[in-house]
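Down below is the structure, laid out as structure tokens.
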Amino acid sequence: MIKYDIKKINNKHIRMMPKKMEKKFSEELNNVILKMKNRISREIPDKGYFRNFAEDFENKDKNIFARAISLNIEKDENIEGGALLLVSALHPSMNVDATSMLVCGRRDDILKFMNKDNFSQKVAEEINKLSESLKRI
Amino acid sequence: MGYQFLIKKFMQKPELGLNVNFSRLTAGSRDMDIALKAKDLAIKKADLGTTAYQIGEELKVQFPKAREQVDNIFGDLNSVERITNRPKGAVSIHTKLERGIKENKINSYETAVKYIGDGIGSRVITRPLEKLSRAQIKKMVEELKINGDPLTKEEKVLLNKYIYNNPMSPEEADRAFPLFEKFAQPLIEKRSKQVVDDLSLSIASNRIKKGELSIEQIKEQNLLSEDLIKRLETEEFEPLEVLLINNYRGGHGLPEFSSRQIQALRKICGSGVIVNSRPDLAGYNKFPNYKYSKSEAKEFAIKASGYRTGQMNIIHSNGARGEIQFRGPYTNYFGEYEHIAYDLRQGKNTLGPLFNDYKREISRLSDYKYARYNKYLEECYNYYNRLELGLPAVKPKLPKGFNKILSEENMKKLYEANEARLENLKAGFSPHFVEVA
């Protein structure tokens, strides 16, 4: 049972982007993947503390039921130096998001996984699943 | 006088799919027709009630095995007070199918079954913790570290004020809550540790059985703690497939499972399992370009009624789809009647005559007042959850300007009186479903 009143989404919560700046979904996704690869290389140390971080973009694809998409790194709370790479979709109401894990491990394990040929396709498949899940909320 | 729900004679299971006659689709109708495409593509007709009834009958058959599975996983745990299980009833299935058809999610009997994700509902009620003494609380505050650092003097004062429910401004409460959440994390984990451990082992067993994972991979990737790996190697566990995890809570509410526990579950579930979460008052760190302003965060926080439960959509080993909810006993009981106000605002009118005065009062509330009322309900959830965690708790009072009929105490009375009334009605009641030619 979920108790959000999505009928009352206020327009002020919708951040619109000028049309000329709109990019295709796949371009936005690849852009975010690239940014995350760079940040993972830079920000996850071999040992010691690091902050969770994320890169997101506004979704303009009408086939995907989400306000925004994000790739994010969550520090493994049980293993030092470990991290989880997650993909999240933000509900249009912005009251809830759906997230699934892409891979977990140390920095190099995550980068190796991200460098595989079919990585962006896998992320796109996960986003579709998240979108379907958000529609049911 | 009783009610009779008449349904058409049982029809054969459609093989190819359901096509909806949208021209006859009206919300809440009991006789919505769906066209059934048979193998020979001749159009046959059946009503939605029949489909719902048929799914309900199948659930009844699947129910004993599914119940046994949930009982096997959680039944022997010391921290579990009781488990309840039920198959979804035909009327409830019918309502849900209507929604699925409108969303264009149902195009076959199989997708209809899939859409009824919580066909078998189970609740695992975990025991409350013993009440903490002042000395224990003081020690916990002293030892609390955030990102490796102890709290500052000012943070300790703020946290203590929050723990002991001292009056504070909303701004102070917003600053204190993240500290309180960290403080309460060990208590949350203590209450749900056994449940999360055995759930993780059942998920691991299922993935090993399906060939997705091996014990070696679990060790290599640190997917489970060493003691759990040892148990996995030496004990048998009931395999369980998890599809979706929700860890619901209100704006200032504590979740059933800590973020560390959710992360551990996420790891053993692997990719493809979705976890839904709510923003906290600090906003989404997952969406850096979508941070809330303070006023927006507050606005969202008071819209929710504070509904809290750990919830999972699962597939039982016999293929039945189910939902398991994890709660404490006090929040569980409050949850039984808390949802009444929400249902009424959503236009659901399934309540008996005892609720007429309550209904009238709820319908009179402006949006602003309803938001304030929801805040009161959230405070009630937090009060009962504090009792479950052994923390100091002060029962919230209905804010000024609201009719006493809306108080939590009165909701409880109405709920209990209605339950007693329903029990009486059951005596000598004629069958709910009468087959007609």
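The values are calculated or read from the model by the stated rules, or taken from the named source; none is laboratory data. This is a predicted model, so every value here is computed, not measured. A quick note on method: Cβ atoms are made from the backbone with ideal geometry, for glycine too, and the neighbour counts reach across all protein chains shown. These area figures cover heavy atoms from the full protein model, side chains too; ligands, DNA and RNA do not enter into them. Shrake-Rupley method; radii C 1.70, N 1.55, O 1.52, S 1.80 Å.
From the backbone phi of region B:398-411, what are the Karplus-calculated ³J(HN,Hα) couplings (6.51 cos²θ - 1.76 cosθ + 1.60, θ = phi - 60°) in whole Hz, Gly and Pro given as x?
4, x, 4, x, 10, 5, 4, 4, 8, 5, 4, 4, 6, 4
Given R₀ = 30 Å, what would the calculated FRET efficiency be for A:Lys37 paired with B:Glu216, taking r from the Cβ atoms and rounding to 0.05?
In this case the efficiency is close to 0.55.
Need the full-extension length gain, B:Glu172 to B:Met140, defined as separation in residues times 0.36 nm minus the C-alpha distance. One decimal, nm.
Fully extending the segment from B:Glu172 to B:Met140 adds 9.4 nm.
Could you give the dipole magnitude of region B:331-430 about its Cα centre, charging the beta-carbon of Lys and Arg +1 and that of Asp and Glu -1, in debye to the nearest 20?
Dipole magnitude for region B:331-430 comes out near 420 debye.
Show the residues, 5+ positions off or on another chain, whose built amide H is closer than 5 Å to the amide H of B:Glu81.
B:Ile125, B:Thr126, B:Arg127
Would you please put B:174-180, A:59-65, A:41-47 in order of how densely packed they are, using the mean number of other Cβ atoms within 10 angstrom per residue and starting with the highest?
Per-residue Cβ counts within 10 Å, averaged per peptide and sorted highest first, yield B:174-180, A:59-65, A:41-47.
Take peptide B:261-273, look around each residue's Cβ out to 10 angstrom, count Cβ atoms belonging to other protein chains, and average those counts.
Across B:261-273, the average partner-chain Cβ count within 10 Å equals 5.
In region B:331-430, if the dipole is taken from +1 on Lys/Arg beta carbons and -1 on Asp/Glu beta carbons about the Cα centre, which of B:Asn356, B:Asn403, B:Tyr342 is farthest to the positive end?
Value computed over the given set: B:Asn403.
Going Cα to Cα from B:Lys209, which aspartates and glutamates come in below 17 Å? Please leave out same-chain ones fewer than 8 positions away.
B:Asp198, B:Glu233, B:Glu235, B:Glu236, B:Glu238, B:Glu241
Amide H neighbours of A:Leu102 under 5 Å, at least 5 residues apart or on other chains, H built in the peptide plane: list them.
Answer set, sorted by chain and number: A:Leu85, A:Leu86, A:Val87.
How well do other chains shield peptide A:69-77, expressed as the mean number of their Cβ atoms within 10 Å of each residue Cβ?
Rounded to a whole number, the mean comes out at 4.
Would you calculate the separation in nanometres between label points at B:Val91 and B:Lys413, each defined as 7 Å from the Cα along the Cα-to-beta-carbon direction?
The two pseudo-label positions are separated by 2.6 nm.
If you plug each phi of region B:364-379 into the Karplus form 6.51 cos²θ - 1.76 cosθ + 1.60 with θ = phi - 60°, what whole-Hz ³J(HN,Hα) values come out, in order, with x for Gly and Pro?
Couplings: 7, 5, 6, 4, 4, 5, 5, 4, 5, 5, 4, 4, 4, 5, 5, 4 Hz.
Got a number for the accessible area of B:Leu425? Probe 1.4 Å, square angstrom, nearest 10.
Accessible area, nearest 10 Å²: 80 Å².
At 0.36 nm per residue, and after removing the present C-alpha to C-alpha distance, how many nm does the segment from A:Asn78 to A:Lys23 gain when stretched out fully?
Full extension of this stretch gives 16.0 nm more.
Would region A:6-135 count as rounded, prolate or oblate if I go by the C-alpha gyration tensor, calling it rounded below 1.5 in a/c and otherwise prolate when a/b exceeds b/c, oblate otherwise?
Prolate, since a/c reaches 1.5 and a/b exceeds b/c.
For B:Val61 and B:Ala427, FRET efficiency with R0 = 30 Å and r from the beta-carbon atoms, rounded to 0.05?
0.60
For labels at B:Leu354 and B:Gln194 in the simple 7 Å Cα→Cβ model, what's the distance in nm?
Result: 3.4 nm between the two label points.
Using θ = phi - 60° and the Karplus form 6.51 cos²θ - 1.76 cosθ + 1.60, what ³J(HN,Hα) does each residue of region A:24-32 get, whole Hz, x for Gly and Pro?
Listing the rounded values in order: 5, 4, 5, 5, 4, 5, 4, 4, 5 Hz.
Too long at a 28 Å Cα-Cα cut-off: which of A:Lys23/A:Lys129; B:Lys88/B:Lys359; A:Lys24/A:Lys116; A:Lys35/B:Lys375? Can you show the working numbers first?
Details: A:Lys23/A:Lys129 22 Å; B:Lys88/B:Lys359 26 Å; A:Lys24/A:Lys116 22 Å; A:Lys35/B:Lys375 40 Å.
Over 28 Å apart, Cα to Cα: A:Lys35/B:Lys375.
What average count of beta carbons from other chains do you get within 10 Å of the Cβ of residues in B:127-138?
Neighbouring Cβ atoms belonging to other protein chains average 0 per residue here.
May I ask you to compute the full-extension gain from B:Arg99 to B:Arg372, defined as 0.36 nm times their residue separation minus their alpha-carbon distance, rounded to one decimal in nm?
Values: separation 273, 0.36 × 273 = 98.28 nm, distance 2.94 nm.
Extending this stretch completely gives an extra 95.3 nm.
For region B:134-327, what is the per residue volume of the convex hull drawn over the alpha-carbon atoms, in cubic angstrom?
Value for region B:134-327: 156 Å³ per residue.
What shape does region B:331-430 take by its C-alpha gyration tensor, where a ≥ b ≥ c are the square roots of the eigenvalues and a/c under 1.5 counts as rounded, a/b above b/c as prolate, and the rest as oblate? Could you put the intermediate results ahead of the total?
Working: a/c = 2.31, a/b = 1.29, b/c = 1.78.
Oblate shape, in that a/c is at least 1.5 and b/c is the bigger or equal ratio.
With charges only on Cβ, +1 for K and R and -1 for D and E, what is the dipole size of region B:81-208 about its Cα centre, in debye, rounded to 20?
On the way: 24 positive and 18 negative charges, 91 e Å.
Charge dipole of region B:81-208: 440 debye, to the nearest 20.
Which far-off residues, 5 or more places away or on another chain, put their amide H under 5 Å from the one on B:Lys105, with H placed in the peptide plane?
none
Suppose every Lys and Arg Cβ carries +1 and every Asp and Glu Cβ carries -1, with no other charges. What dipole size does region B:215-277 come out with about its Cα centre, to the nearest 20 debye?
So the dipole magnitude of region B:215-277 works out to roughly 440 debye.
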